[in-house]
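J.: Input: one structure, supplied below.
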Amino acid sequence: MESLGELLKAWPAGRKMTNQADQMMEELMADPLVERLLEKHPELDEQAVRLNLNRVYQYVTEYRNCTNCPGLDKCPNDFEGHYTLLSSESVNGNPQLYDRKVSCKKFTARRSEEQIKSRIRSFYVDERALENGYSADEILFNDPNRTEAAYQILNYIDRTKEEGLQQEGLYLAGSFGTGKTFLMCYLLHELAKAGYTGAIVYMPEFVEDLKSMMHEPGKLKETVEMMKETDLLIFDDIGAENLNPWVRDHVLGSILNYRMNRKPTFYTSNHGLEALEQHFSFTSKDGDERHKGQRLMDRIRPYVQVVMVNGDNKRGRKS
């Protein structure tokens, strides 16, 4: 009785398949990648490759795809962002090829970036500022007038990475458009890479939104608790909000009172500390309440290092 292989060879379609397999085998054996595989695993021979023809073919094909990578979103491999690796083990004295999927650098980088983003909450701040991933050189040299402030930011990042969360935050003061938010987003992104959670809150819009949250106590409590517990909290453009006593005393005061001596809070503002205290001391409802402004500042002033951010106004520039 003829074997199945002999019958297949006898049929025209079977001969064609056999010829294609032989041609594929010949091409694979001449491929430099397969030559390196055989050098690494001398126990493998041509017969072992033939028995694992599909595995070897996928190994070579995916390696070529990765060499000419069209980008992660257009990855042609079977498993996006992964490629096949082959290894050999001896089973009952016979070499056996095994394949496994390995993530590529682009996939690993994207997953890492997604993990970083998951640690950061943004309230009313353009998230593109958090996603740009600026380098330290860009931070330092984009504006020579801002270099001293940038060094202070970088030193703070390094100190936190070495020593852990600091009790003292930073208060970035300066004119409009000098890059205070930009610097804070850089700090938040860099420390998120080190595993810290953080939130950045644009104060003018946050305060307006809080007024509607008065009727949603569950949402209000969740928001306040998150701001209390996050490792790094940034109040962006503080002093520009239309403050009322309830926001000042019961929301902002509660958050800052909890974070004192626990976790650092950061600020950007067009005001210095004295001007900010005056801002907190006056509300459209109750007028001048200097003692309440001072009370809130007692939860800010001792817990920040003031950083003056100089430079040109960059808002509205195309580059």
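J.: When Lys and Arg each count +1 and Asp and Glu each count -1, what net charge do the other residues less than 11 Å away from Val201, Cβ to Cβ, add up to? List each step's numbers first, then the result.
T.: On the way: positive: Arg121; negative: Glu205, Asp209, Asp236, Asp237, Glu241.
Around Val201, the surrounding residues sum to -4.
J.: Quick check for you: with a 1.4 Å probe and neighbouring chains kept, what is the accessible area per residue of segment 132-241, in Å²?
T.: On the way: 4610 Å² over 110 residues.
Result: 42 Å² per residue.
J.: For n ≥ 4 DSSP H runs only, could you compute -39500 (n - 2.57) per run for the chain, divide by its residues and tell me the 222 nm figure to the nearest 500? Could you put the intermediate results ahead of the total?
T.: On the way: 15 runs with 159 residues, N = 319.
Theoretical 222 nm ellipticity from helices: -15000 deg cm²/dmol.
J.: Hey, any idea what Rg/Rh is for segment 19-129, computing Rh the Kirkwood way over Cα pairs?
T.: Values: Rg = 19.3 Å, Rh = 16.4 Å.
Here Rg/Rh amounts to 1.17.
J.: Quick query: amide H of Leu172 versus all other amide H atoms, modeled in the peptide plane; which residues come in under 5 Å with a sequence gap of 5 or more or a different chain?
T.: Counting only residues 5 or more places away or on other chains, the set is Tyr267, Thr268, Ser269, Val307.
J.: Let me know the whole percent of all Cα-Cα pairs from the chain that are separated by more than 30 Å. Kindly include the intermediate steps, with their values, before the conclusion.
T.: Numbers: 27165 of 50721 pairs.
Counting pairs separated by more than 30 Å, the tail of P(r) holds 54 percent.
J.: Taking only Cα atoms and a 10 Å spring cutoff, compute GNM fluctuations for the chain and point out the largest among Leu140, Leu170, Leu53.
T.: Leu53
J.: Skipping prolines and chain starts, which residues have an amide H placed within reach, meaning under 5 Å, of the one on Phe282, given they are 5 or more residues away or on another chain?
T.: Result for Phe282 returns Glu289.
J.: Follow-up question, since we're still on this one. What net charge is computed for the residues neighbouring Ile238, neighbours being all others with C-beta under 12 Å from the C-beta of Ile238, Lys and Arg scored +1, Asp and Glu -1? If you can, show how the numbers build up before the last one.
T.: Working: positive: Lys180, Arg248; negative: Asp236, Asp237, Glu241, Glu277.
Neighbour charge sum, excluding Ile238 itself: -2.
J.: Expected output is a single nm value to one decimal: the length gained when fully extending between Glu148 and Glu27, i.e. 0.36 nm times separation in residues minus the C-alpha distance. What is it?
T.: Numbers: separation 121, 0.36 × 121 = 43.56 nm, distance 6.08 nm.
In short, 37.5 nm is gained.
J.: Report Cys66's accessible area, 1.4 Å probe, all protein chains in place, as a number in Å² to the nearest 10.
T.: 50
J.: Straight-line reach from Lys211: which aspartates and glutamates fall under 20 Å, measuring Cα to Cα and dropping same-chain residues less than 8 apart?
T.: Reachable aspartates and glutamates: Glu222, Glu225, Asp236, Asp237, Glu241, Asp249, Asp286.
The values are calculated or read from the model by the stated rules, or taken from the named source; none is laboratory data. Keep in mind that what you see is a predicted model, and the values were worked out from it rather than measured. Virtual Cβ from ideal backbone geometry, glycine too; neighbours counted across all protein chains shown. Quick note on the areas: whole protein, heavy atoms, side chains included, nothing else; ligands and nucleic acids left out. Shrake-Rupley method; radii C 1.70, N 1.55, O 1.52, S 1.80 Å.
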